[in-house]
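The values are calculated or read from the model by the stated rules, or taken from the named source; none is laboratory data. Everything numeric in this text was worked out from a predicted model, so none of it was measured. Positions of Cβ are backbone-derived with ideal geometry, glycine not excepted, and every protein chain shown enters the neighbour counts.
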Amino acid sequence: MKLTGVELLRVRMPLVAPFRTSFGTQSARELLLLRAVTSEGEGWGECGAMADPLYSSEYGDGVEHVLRTYLVPALLAAGDLTANKVAPLLAKFKGHRMAKAALEMAVLDAELRAHGLSFGTALGSTTDSVPCGVSVGIMDSIPQLLDVVGGYLDAGYLRIKLKIEPGWDVEPVQAVRERFGDDILLQVDANTAYTLSDVPQLQRLDPFGLLLIEQPLEEEDVLGHAELAKHLRTPICLDETVVSARSAADAIRLGACRIVNIKPSRVGGYLEARRVHDVCAAHGVPVWCGGMLETGLGRAANVALASLPGFTLPGDTSASDRFYRTDITEPFVLEAGRLPVPSGPGLGVTPVPERLAEVTTAKSWLA
């Protein structure tokens with residue numbers, strides 16, 4: 001097929017409650033959506049980048065600039081196009097994995113819709129639903145945290161992830177264990193907030209039987225994670241550090257992690273995410289699907305990815321109402337702690353025009 005144009009849409013979606021991590025607090029999700037128009041039909045992409053360069057070096061305005069100036073023109077000039085050609089065509093442009101991932105996602109969606117295939121089928125799905133966890137931000141108090149966690153457990157979520165930072169780590173974990181017991185699946189996420197000087201403090205988490213501690217050190221500190229792993233019983237899971245299948249293989253070989261969180265936007269797209277999955281499976285390393293507060297578009301693709309056989313831990317593929325009162329697609333609804341894998345062509349979902357219009361703040365057409 002041939003790419004004939006790409007529409008860029010900036011959207012702003014208020015969150016049901018502020019979401020605080022070690023790198024900041026969000027009260028609304030500002031993101032970029034792409035509508036790729038091809039000779040065979042159209043497809044949708046969603047960029048995981050935040051408005052500011054806090055989680056990664058990429059951010060909304062920068063993503064739009066690189067798409068407009070370099071990435072989209074390269075694909076428009078490419079002639080015959082498939083999703084598998086996107087990464088090679090864009091390889092000469094260094095970095096910008098989130099921007100590339102959004103563009104590849106839109107092309108892949110268009111291609112699969114044209115062939116009547118779902119994301120899950122194309123990626124290698126082995127199940128029709130996936131178990132779901134939920135990410136709980138840093139709270140103002142322990143009682144507030146316990147109320148929030150209790151609500152998510154009552155809703156049916158199968159795993160709780162607590163965001164932590166220095167000063168908010170052992171106490172909240174201990175409180176959750178004491179209130180809800182040792183049987184709930186519990187893990188923590190530091191978002192790079194610690195250093196090797198914090199080994200004694202992180203060791204205090206070992207008695208609580210956590211599934212994992214996610215990304216305790218800076219993203220580029222692979223050797224630091226390998227050293228930290230020698231001092232902890234709790235498995236280390238890498239997130240920000242893993243930006244490709246190669247980096248995953250290196251981290252595993254160095255002993256820097258025993259679990260990997262796969263975020264498609266962070267590794268450059270769903271096709272590379274599948275390769276990360278395959279590398280981890282070959283090394284016997286379990287994976288799970290992380291989230292970036294996606295709309296129903298990104299959520300549909302993430303649920304499809306999470307249905308691959310190596311995803312043996314519940315991911316952050318929570319229901320639409322975890323973050324949004326109204327999603328831009330038909331909402332994903334939790335059923336017995338699981339979400340169904342969309343079976344329709346492509347993503348299996350499309351934006352509801354009225355809902356999309358309500359949250360769109362700007363749009364432009366590239367051809």
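The table below lists the values:
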| read-out | value |
| --- | --- |
| Cβ pairs under 6 Å, 6+ apart, first in region 99-123 and under 27 Å from SER57 (Cβ atoms), second hydroxyl-bearing (Ser, Thr, Tyr) and crowded, with 24+ Cβ neighbours inside 10 Å | ALA101/SER265 |
| Residue ID - farthest from the chain's Cα centre (by Cα), chosen from residues in region 82-95 that are in contact (Cβ under 8 Å) with a residue 60 or more places away in the chain and exposed (fewer than 14 other Cβ atoms within 10 Å of the Cβ) | THR82 |
| So SER56, is it in a loop (DSSP other than H, G, I, E, B), of a type in the set (S, T, N, Q) and within 30 Å of GLN144 (Cα to Cα) | yes |
| Region 158-174, residues that are assigned to a strand (DSSP E or B) and without any contact (Cβ under 8 Å) to a residue 60 or more places away in the chain | ILE160, LEU162, TRP168 |
| Within region 221-239, tally of residues that are over 16 Å from CYS280 (Cα atoms) and among the acidic types (Asp, Glu) | 2 |
| Test: residue in region 20-38 that is without any contact (Cβ under 8 Å) to a residue 60 or more places away in the chain and within 15 Å of GLY268 (Cα to Cα) | no |
| Any hit, region 239-261, residues being in contact with a strand residue (DSSP E or B) (Cβ under 7 Å, 6 or more places away or on another chain), farther than 25 Å from GLU58 by Cβ and either among the polar types (S, T, N, Q) or free of Cβ contacts under 8 Å to residues at least 40 places away in the same chain (or both) | no |
| Residues satisfying the stated conditions in region 328-367, i.e. free of Cβ contacts under 8 Å to residues at least 60 places away in the same chain and either under 23 Å from SER118 (Cα atoms) or of a type outside the set (A, V, I, L, M, F, W, C) (or both) | THR329, GLU330, PRO331, PHE332, VAL333, VAL349, VAL352, PRO353, GLU354, ARG355, GLU358 |
| Residue match in region 269-280 (condition: part of a loop (DSSP other than H, G, I, E, B) and within 14 Å of the chain's Cα centre (by Cα)) | yes |
| Subset tally (residues that are touching a helix residue (DSSP H, G or I) at 6+ places or on another chain (Cβ under 7 Å) and crowded, with 22+ Cβ neighbours inside 10 Å) for region 235-250 | 5 |
| Every residue from region 36-65 that is surrounded by 20 or more Cβ atoms within 10 Å (Cβ to Cβ), farther than 22 Å from LEU356 by Cα and of a type outside the set (Asp, Glu) | TYR55 |
| Some residue of region 305-324 being under 18 Å from the mean Cα position of the chain (by Cα), basic (Lys, Arg) and surrounded by fewer than 23 Cβ atoms within 10 Å (Cβ to Cβ) | no |
| Number of positions in region 179-210 that are aromatic (Phe, Trp, Tyr) and surrounded by fewer than 20 Cβ atoms within 10 Å (Cβ to Cβ) | 2 |
| Complete set of residues in region 251-295 that are buried (at least 24 other Cβ atoms within 10 Å of the Cβ) and acidic (Asp, Glu) | GLU294 |
| Filtered residue count, region 51-81, keeping only those that are of a type outside the set (D, E, K, R), within 30 Å of ALA190 (Cα to Cα) and free of Cβ contacts under 8 Å to residues at least 60 places away in the same chain | 9 |
| Tabulated pairs, region 297-320, first assigned by TED's automatic domain parsing to the domain that holds LEU211 and assigned to a loop (DSSP other than H, G, I, E, B), second aromatic (Phe, Trp, Tyr) and at pLDDT 95 or above, C-beta under 6 angstrom, 6+ apart or interchain | LEU313/TRP288; ALA319/PHE332 |
| Breaking point among (1) touching a residue at least 12 places away in the same chain (Cβ under 8 Å); (2) hydrophobic (A, V, I, L, M, F, W, C); (3) within 21 Å of GLU272 (Cβ to Cβ), for VAL11 | (3) |
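Each row is one residue, and each column tells you yes or no for (1) among the hydroxyl-bearing types (Ser, Thr, Tyr); (2) at negative phi; (3) assigned to a helix (DSSP H, G or I); (4) free of Cβ contacts under 8 Å to residues at least 24 places away in the same chain.
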{"site": "SER135", "(1), (2), (3), (4)": "yes, yes, no, no"}
{"site": "GLN144", "(1), (2), (3), (4)": "no, yes, yes, yes"}
{"site": "GLY151", "(1), (2), (3), (4)": "no, yes, yes, yes"}
{"site": "ASP182", "(1), (2), (3), (4)": "no, yes, no, no"}
{"site": "ALA193", "(1), (2), (3), (4)": "no, yes, no, no"}
